[in-house]
Amino acid sequence: MASAVDDRVGVRFLAFIVCLTIGGAGCSAPPMRTATPQGRDMHVIDSLFAPYSGPGVPGASVVVIKDGRVVVNRSYGLADVEAGTPASDITNYRLASLSKQFTATAIALLARDGRVQYDARVVDLLPGFPGYARDITVRHLLTHTSGLRDYEDFVPSSQTVQVKDRDVLPLLRRVDSTYFPAGSAYRYSNSGYAVLALIVETISRQPYATFLRERIFAPLGMKATVAYEAGISTVENRAFGYSLRSTGIVRTDQSSTSAVLGDGGVYSSIRDLITWDRALDEGDLLSRAELDLAWTPARLNDGTATRYGFGWFTEREGGALRLSHHGETSGFTNFVLKFPERRLTVIVLTNRRGGTPWDLAASVAALPSFASR
């Protein structure tokens with residue numbers, strides 16, 4: 001029996017074929033359906049991104065999705081400075097911590113399958129998980145309330161061999177305690193999402209990158225999105241990361257922790273993220289109940305609400321649900337801002353260290369063309 005994803009993809013593909021038949025090469029694929037906002041607002045957007053559009057500089061891509069339509073799709077600067085390759089909507093940037101929503105989705109799919117429970121203890125699921133963390137549950141990992149220490153703290157800046165997800169457990173066993181008892185406080189934890197990737201591998205009995213491809217990316221048609229593993233997979237139309245220094249532009253594409261996938265190793269493009277955003281809105285992969293759970297702030301043991309759900313920062317702004325996430329890593333800085341009730345999403349991807357894409361996204365979302373509820 002065909003799935004809901006198959007049905008929707010089939011309808012869109014048929015519409016695309018009809019479009020090609022009638023309109024020829026001028027047609028665009030369904031995810032790229034666009035409308036033009038007010039000219040003044042487009043000028044403002046171009047002005048906001050002017051620092052990314054100079055000659056020979058690493059760039060940025062921005063998309064605005066309003067009421068299910070792509071209303072802004074702009075790219076600036078270069079994806080590969082050395083080669084002079086312009087950034088575009090098919091440029092694949094390293095998402096950094098925007099990857100966490102895919103790790104959280106993988107856990108949600110396993111929970112739907114009945115293969116993991118959110119309140120299961122991690123020590124009972126994952127061989128080698130440290131005994132001092134025996135009270136930590138899957139839910140604690142998802143919501144950054146586990147108290148696990150940051151694995152990056154145990155990786156010296158001089159290290160040249162890249163750390164991978166499987167190396168995180170030995171690093172965590174170098175200490176004998178957490179920052180705080182599980183569920184008693186909030187502290188953002190990359191360690192938690194690396195451990196979640198290991199749980200996905202252990203329960204599914206397949207590599208984390210394979211699980212993402214087979215259960216999320218391929219069913220949705222996100223053909224270019226990949227949890228990148230050097231020597232195993234490739235990144236098409238790849239953006240390389242840079243830092244702007246007083247001596248000039250320096251490629252800083254990889255660090256010693258860039259190979260850890262669960263907390264930040266996914267590459268994707270604006271075009272594929274349009275597909276992802278539509279899948280969230282239309283329930284192509286996760287049900288409304290599953291999304292509501294992911295988009296509800298976690299509560300601590302004393303009932304205090306945090307600002308984080310499952311892979312998303314979540315809060316209320318002017319009465320409207322506001323979802324967001326930043327992504328910062330060696331050579332890349334990104335941000336996603338989503339207002340489900342306003343049917344508005346702004347995504348900013350950049351291939352440079354630093355900058356404030358969260359401010360850019362907020363400024364774009366506040367423009368008159370998109371501010372209506």
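The values are calculated or read from the model by the stated rules, or taken from the named source; none is laboratory data. Keep in mind it's a predicted model, so treat the numbers as computed, not measured. We place every Cβ from the backbone using ideal geometry, glycine too, and count neighbours over all the protein chains shown.
Observations on the structure shown:
- Which numbered condition T210 fails, given (1) surrounded by fewer than 20 Cβ atoms within 10 Å (Cβ to Cβ); (2) over 24 Å from I90 (Cβ atoms); (3) not charged (D, E, K, R): (2)
- Candidate set from the range 223-238 (those that are of a type outside the set (A, V, I, L, M, F, W, C) and surrounded by fewer than 17 Cβ atoms within 10 Å (Cβ to Cβ)); member that is nearest to D263 (Cα to Cα): E229
- Meets criteria (assigned to a loop (DSSP other than H, G, I, E, B), touching a residue at least 24 places away in the same chain (Cβ under 8 Å), touching a Ser or Thr at 6+ places or on another chain (Cβ under 9 Å) and surrounded by 18 or more Cβ atoms within 10 Å (Cβ to Cβ)) for S97: no
- Among the residues of the range 325-340, those identified as over 11 Å from S97 (Cα atoms) and modelled with pLDDT of 95 or more are G331, L337, K338, F339, P340.
- The set of residues from the range 56-94 being surrounded by 24 or more Cβ atoms within 10 Å (Cβ to Cβ), aliphatic (A, V, I, L, M) and not in a strand (DSSP E or B) comprises just one member, A87.
- Set D263, D277, D359, D272: member being of a type in the set (D, E) and in a loop (DSSP other than H, G, I, E, B): D263
- Contacts under 8 angstrom Cβ, first residue in the range 357-368 being surrounded by fewer than 17 Cβ atoms within 10 Å (Cβ to Cβ), partner at pLDDT below 95 and not in a helix (DSSP H, G or I), 6 or more apart: P368/Q38
- Residue in the range 242-254 that is within 17 Å of the chain's Cα centre (by Cα), under 29 Å from G56 (Cβ atoms) and in contact (Cβ under 8 Å) with a residue 40 or more places away in the chain present: no
- When we screen S287, S256 for residues that are at pLDDT below 95 and more than 28 Å from A366 (Cβ to Cβ), the only hit is S256.
- Any pair with Cβ under 7 angstrom, 6 or more apart, that starts in the range 183-206 at a residue that is farther than 25 Å from L300 by Cα and ends at one that is of a type in the set (F, W, Y): E201/Y208; S204/F211
- Leading residue by the ranking (surrounded by the fewest Cβ atoms within 10 Å (Cβ to Cβ)) among those in the range 240-255 that are part of a strand (DSSP E or B) and of a type in the set (V, I, T): V250
- Residues within the range 63-76 that are touching a residue at least 40 places away in the same chain (Cβ under 8 Å) and under 13 Å from N351 (Cβ atoms), tallied: 1
- Per the conditions (1) buried (at least 17 other Cβ atoms within 10 Å of the Cβ); (2) in contact with a strand residue (DSSP E or B) (Cβ under 8 Å, 6 or more places away or on another chain); (3) on the phi < 0 side of the Ramachandran plot, the sole criterion not satisfied by G311 is (3).
- Residues of the range 221-238 satisfying the condition of being touching an Asp or Glu at 6+ places or on another chain (Cβ under 6 Å) and either among the polar types (S, T, N, Q) or assigned to a helix (DSSP H, G or I) (or both): T225
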